[in-house]
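Trainee: One structure follows; several queries about it will come next.
The values are calculated or read from the model by the stated rules, or taken from the named source; none is laboratory data. Source: prediction; values computed, not measured. Here the Cβ is made from the backbone with ideal geometry for all residues, glycine too, and neighbour counts use every protein chain on show.
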Amino acid sequence: MAGNNQNNSTPNGPWRAGRPSFKAFYPEIFLLTLITIAFIAIAVKLSCSTIRKSHDKAKDRPVALQFDAPFLVPLAFADEAPVDQLPAGDASSTDSNATDVVKESTSLPTSETTSEVEPVKKVVSSSNASTLKSSDAAPKGESPWIKIIWIWIVCLIVPVILWIWRGIIWICAVYGIYYELRVDPDNPRATTFLTTHGIFNKSTDSLHIGSIKDIQSRQSFFQKYFMGGVGTITLLTTDVTDERLEMKNMADPSRVFNAFDTLRRHFWSRGGMQLHGGSGDEDGAFSEHLGE
């Protein structure tokens with residue numbers, strides 16, 4: 001009785017209606033969060049490796065050939081412009097040996113100069129052509145950002161499906177059922193327990209408080225410390241449709257248990273046997289008893 005008085009003196013009052021608690025799904029939410037973080041880490045790792053590979057391929061592509069021999073550029077340039085017409089800055093910046101070679105080449109006859117320069121031109125042109133061909137022949141490949149987008153899509157599709165699937169189950173488990181105790185303090189025979197199932201299509205089943213034979217409350221270690229303190233209330237009844245009614249994942253199960261136990265004892269202590277019928281005198285005595 002002391003426990004009942006404490007429950008009645010709580011700010012929320014005795015339990016009269018409610019639904020399963022969302023706290024029961026905290027472990028699943030934590031697990032799905034870890035799975036999502038793991039897939040995001042995999043996507044980041046694959047994206048970084050894809051960018052690194054694209055940079056390595058860009059470094060391995062062939063570049064234009066460079067000639068270290070100093071005489072090739074002056075010889076190729078001497079056929080187009082005399083040394084006297086070169087700008088002062090270019091003439092001063094050229095190497096002395098290269099300048100001597102250019103002057104000697106200009107003093108030669110035209111036929112000999114052209115015969116020596118043309119092979120150099122051919123070498124340069126052939127090298128440029130080979131460079132262009134090799135660059136054209138090199139595989140271009142698709143943009144790394146397209147691969148990165150596909151990596152993220154593939155890595156995130158699994159967590160998204162899991163969140164949607166479990167989210168639907170959570171919504172149906174929490175908002176798909178509702179319990180209600182309808183109590184008339186002046187008439188214990190009017191105390192009924194209603195169970196409503198469904199979100200869009202709802203169905204309601206009623207159970208009289210006098211049909212409850214026994215009440216059980218269970219709370220496991222995992223439910224108490226990892227699921228927000230939820231528990232399961234089991235009602236053993238004489239009802240045809242609900243002989244064993246389980247109220248799963250109820251928050252503060254002791255409060256729900258005390259509410260059923262108090263109403264059940266209140267019913268039997270105030271003439272609950274009238275539920276099973278009786279004479280008119282008994283009904284009158286029961287009414288007088290209620291009037292008190």
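Trainee: If I filter the stretch 49-56 for residues that are surrounded by fewer than 12 Cβ atoms within 10 Å (Cβ to Cβ) and either touching a strand residue (DSSP E or B) at 6+ places or on another chain (Cβ under 6 Å) or in the same structural domain as HIS197 (by TED's automatic domain parsing) (or both), do I get at least one hit?
Mentor: No, the stretch 49-56 contains no residue that is surrounded by fewer than 12 Cβ atoms within 10 Å (Cβ to Cβ) and either touching a strand residue (DSSP E or B) at 6+ places or on another chain (Cβ under 6 Å) or in the same structural domain as HIS197 (by TED's automatic domain parsing) (or both).
Trainee: So in the stretch 214-244, with the set limited to residues that are among the basic types (Lys, Arg) and surrounded by 12 or more Cβ atoms within 10 Å (Cβ to Cβ), which one is nearest to the chain's Cα centre (by Cα)?
Mentor: LYS224
Trainee: Let me ask another. For the stretch 3-19, does any single residue satisfy the condition of being among the small types (Gly, Ala, Ser), in a helix (DSSP H, G or I) and modelled with pLDDT of 90 or more?
Mentor: no
Trainee: Which one is surrounded by the fewest Cβ atoms within 10 Å (Cβ to Cβ) among residues in the stretch 245-259 that are within 17 Å of THR195 (Cα to Cα) and touching a residue at least 60 places away in the same chain (Cβ under 8 Å)?
Mentor: So the residue we want is LYS248.
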